[in-house]
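Structure, as structure tokens:
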Amino acid sequence: MDIRKILSKQKTFDIASNLPDSIIYVANSGLIEWGNDVACEVFEVSKQEGFVNITVNDILENGFELVKSAEATKKALIAKSTIKEEYYEITTRPVENGFIVALRDSTQNYKRISGILAEKENTHHVAKDKNEFLVKLANKFNPPLQSVIGFSQGLIDGLGGSVTEKQDKYLNIIKNNSSELAYFFNKLVELSQSEGDMFEVDKKYFDVVNLIEQTIKFITANYESKSLNINFVVEKDLKRMIFQNEPVVKVIMQNLIESVVREMEIGTISIDLSDTSDEYLNARNLPTVPSILLSISSLNLQITDSELPILFNPYATIDTLNRNSITRALALGTVKNLAKSLGGEVWVENVPMQGPVFNLVIPREHYE
């Protein structure tokens, strides 16, 4: 095969010889039968002798496989030189009994991208280590806090003898503040677990309606001192079974509903569960897969428009003087992270005549 004849027929031989990129002709055997002047210089081959008994694998790692892959996929691929620490973007075109291969030096871009990816990977490991550290640290604080809460309640109940009205007042302050701190640490642990992908994986079919009902029952019992009425309405003919990561869905539901309950002292909370339509999902740029929609609203809940953009971002609320806002952001940040991990989404919007409405979309089946 005389590659010069092929190129001269297409009136491209002189052009190919003077292109700024390396051009080589690789036979179906993998042997390089011709290369332009740039290719000779780059791969340290005599321009007079050319590529004599040199295969593409001699100049590029896995060279021939990459040439065939580039042609099969019609995409540019990155190849590493076997001669020096250089990387080339290769594109190929089939010709008679072989391939014309163009190689462009992409060393700087490759190293820059590799550096960015390495830095990202390192950042991921640092973040994971940080999250694991926070989880362990918070768990260390939990036992002594629970002891303070338990002993305080015991003293209030008179286990250590009668207490004065003033002592009772201070004991309740100690117990309540300790309980709030324990709750804060629990939300911090959950956020760290959600960021570090540390939650238990237990994908299976389960009754989502029953899960929500049990969650409401649990929360209602914990906040029985509040004058709240929770109305849970399920869409008619809704299929109750979904295939998802049940422990994660449980944490999502608990944090979302509890975040609303903690913000209120009196009033009615409406919780609606329904199926979603493709139109609804498309309008919100969500994947059009069978999904459920949980909406939570109350006219007694107050969230300003300025709070909406940072409601699910605990790091944006760190400077606020409102401790409850930080705790709420930790819980909602966990909801956001976990909803995304299931292929879903959560957001809140102020709706006239309804007040703030939290919307949670979760696919009926877990998609990898």
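Check region 304-323 and report whether any residue there is in a helix (DSSP H, G or I), crowded, with 21+ Cβ neighbours inside 10 Å and either modelled with pLDDT under 90 or under 20 Å from the mean Cα position of the chain (by Cα) (or both).
Scanning region 304-323, I find at least one residue that is in a helix (DSSP H, G or I), crowded, with 21+ Cβ neighbours inside 10 Å and either modelled with pLDDT under 90 or under 20 Å from the mean Cα position of the chain (by Cα) (or both), so the answer is yes.
Looking at region 151-199, which of the residues that are within 22 Å of R262 (Cβ to Cβ) and among the β-branched types (V, I, T) is surrounded by the most Cβ atoms within 10 Å (Cβ to Cβ)?
It comes out as V189.
Can you name every residue in region 57-83 that is surrounded by 14 or more Cβ atoms within 10 Å (Cβ to Cβ), of a type in the set (K, R) and not in a helix (DSSP H, G or I)?
Residue satisfying the conditions is K80 alone.
Go through the residues of region 247-268 one by one and say whether even a single one is in contact with a helix residue (DSSP H, G or I) (Cβ under 9 Å, 6 or more places away or on another chain), over 30 Å from I303 (Cα atoms), buried (at least 18 other Cβ atoms within 10 Å of the Cβ) and not assigned by TED's automatic domain parsing to the domain that holds E132.
No, region 247-268 has no match at all.
Checking the conditions here, which among I326, I296 is touching a strand residue (DSSP E or B) at 6+ places or on another chain (Cβ under 7 Å) and closer than 24 Å to I216 by Cα?
I296
So is E349 modelled with pLDDT of 90 or more, surrounded by fewer than 22 Cβ atoms within 10 Å (Cβ to Cβ) and not aliphatic (A, V, I, L, M) or not?
It is true that E349 is modelled with pLDDT of 90 or more, surrounded by fewer than 22 Cβ atoms within 10 Å (Cβ to Cβ) and not aliphatic (A, V, I, L, M).
What pairs can you find where one residue is in region 181-199 and touching a residue at least 12 places away in the same chain (Cβ under 8 Å), the other is of a type in the set (D, E), and their Cβ atoms are less than 9 Å apart, with a gap of 6+ or different chains?
Correct list of pairs: S192/E132; G196/D129; G196/E132; M198/E132; F199/E190.
Of everything in region 51-77, what is within 19 Å of N97 (Cα to Cα) and small (G, A, S)? Give them in sequence order.
Once the filter is applied, which keeps residues that are within 19 Å of N97 (Cα to Cα) and small (G, A, S), region 51-77 yields G63, S69, A70, A72.
Just for strands (runs of 3 or more DSSP E) wholly inside region 198-294: which have at least 1 residues that are charged (D, E, K, R)?
203-207, 266-275
The values are calculated or read from the model by the stated rules, or taken from the named source; none is laboratory data. Note that the coordinates shown come from a computational prediction; the quantities given were computed from them, not determined experimentally. With ideal geometry, Cβ positions are generated from the backbone for all residues, glycine too; neighbour counts draw on all protein chains shown.
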